[in-house]
Amino acid sequence: MRVLKLIEEGRYKEAKKELESLHPSDIARIISHADGDKKIEIFKLLDVDKAADTILELDDYSLHLILKCLSEREISELASEMDIDDAVDLVEELPSREREKVVGLIEEREKIEPLLSYPPATAGGLMRPDFPAVPENVTVGRAVKILREKKLEDFNYVYVVDRDGKLKGWVTLHDLILSDPKTRIKKIKREPVTAHLLEDQEEVARKVA
């Protein structure tokens, strides 16, 4: 690959110019083929905008290697250039201690904090991994990603909870499929359905139909 050859020859200005003309996915592919130190060299040649578009295209190994070599300030600058959901994805790749510091440096941290995964010690964090529930403040697109990561099977309804794990409503898979990925879950959620423990199952089914 031309970029790798230019870097090996120490022709960094030419390599930088070459990278500027490439799509982020192509840059990510080049980085994935580079050796450890070269991955970092290539990434640091990118301007902030291009780096922000590229970093989440990286394979897991390259992503974590590069994150370890970036300062908290540099990571926060990347996150600040991203859409909120992408910024959340990036921040969640960090260790919890570093995550807090990075979020504190991000300009729109008040929009990011409510969307981060529940801390392990909270009610939300203690929820069973096979429980189909998503936070009310996330987008439909992110909710779908959360459900995919849980690798759930055979469910038609998804519970909507607040940051304390309290039930706020529910949505169907059909709702998620038909909604704009950028719409917040709280905008499409339905009101919680309550039922007595001894209530007939057909009556319960009628309530959620």
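Residue under question is residue 74, and the condition is that it be of a type in the set (Asp, Glu), assigned to a helix (DSSP H, G or I), more than 25 Å from residue 144 (Cβ to Cβ) and without any contact (Cβ under 8 Å) to a residue 12 or more places away in the chain; does it hold? When the stated conditions are applied, residue 74 passes them. Looking at 22, 45, 6, can you tell me which residue is within 19 Å of residue 79 (Cα to Cα) and either surrounded by fewer than 14 Cβ atoms within 10 Å (Cβ to Cβ) or assigned by TED's automatic domain parsing to the domain that holds residue 98 (or both)? That would be 45, the only listed residue that is within 19 Å of residue 79 (Cα to Cα) and either surrounded by fewer than 14 Cβ atoms within 10 Å (Cβ to Cβ) or assigned by TED's automatic domain parsing to the domain that holds residue 98 (or both).
Can you confirm whether the range 125-136 contains a residue that is of a type in the set (Gly, Ala, Ser) and modelled with pLDDT of 75 or more? It would help to see each step written out before you state the result.
Let us first name the residues in the range 125-136 that are of a type in the set (Gly, Ala, Ser), namely 125, 133.
This time we only want the ones that are modelled with pLDDT of 75 or more, so: 133.
Taking every residue of the range 125-136 in turn, at least one turns out to be of a type in the set (Gly, Ala, Ser) and modelled with pLDDT of 75 or more.
Would you check if residue 76 is hydroxyl-bearing (Ser, Thr, Tyr) and farther than 15 Å from residue 90 by Cα? Considered against the rule, which asks whether it is hydroxyl-bearing (Ser, Thr, Tyr) and farther than 15 Å from residue 90 by Cα, residue 76 comes out as no.
Can you confirm whether residue 91 is at pLDDT below 90 and either buried (at least 16 other Cβ atoms within 10 Å of the Cβ) or in contact with a Pro (Cβ under 9 Å, 6 or more places away or on another chain) (or both)? Can you show your working first?
Numbers: at pLDDT below 90: yes; either buried (at least 16 other Cβ atoms within 10 Å of the Cβ) or in contact with a Pro (Cβ under 9 Å, 6 or more places away or on another chain) (or both): yes.
Criteria met by residue 91.
Test residue 163 against the stated conditions and say whether it is modelled with pLDDT of 90 or more and in contact with an Asp or Glu (Cβ under 9 Å, 6 or more places away or on another chain). Break it down into steps so the answer makes sense when it comes.
On the way: modelled with pLDDT of 90 or more: no; in contact with an Asp or Glu (Cβ under 9 Å, 6 or more places away or on another chain): yes.
So residue 163 does not fit the description; no.
Here is a list: 45, 63, 6. Which entry is modelled with pLDDT of 90 or more and touching a helix residue (DSSP H, G or I) at 6+ places or on another chain (Cβ under 6 Å)? Step through it out loud before you land on a result.
Numbers: 63 fails: touching a helix residue (DSSP H, G or I) at 6+ places or on another chain (Cβ under 6 Å); 6 fails: modelled with pLDDT of 90 or more.
From the options 45, 63, 6, the qualifying one is 45.
Of the listed requirements (1) part of a helix (DSSP H, G or I); (2) modelled with pLDDT of 85 or more, residue 82 misses just one: (1).
The values are calculated or read from the model by the stated rules, or taken from the named source; none is laboratory data. Remember, predicted model here, so these are calculated numbers, not experimental data. Every residue, glycine as well, gets a Cβ built from its backbone with ideal geometry; the counts of neighbours run over all protein chains shown.
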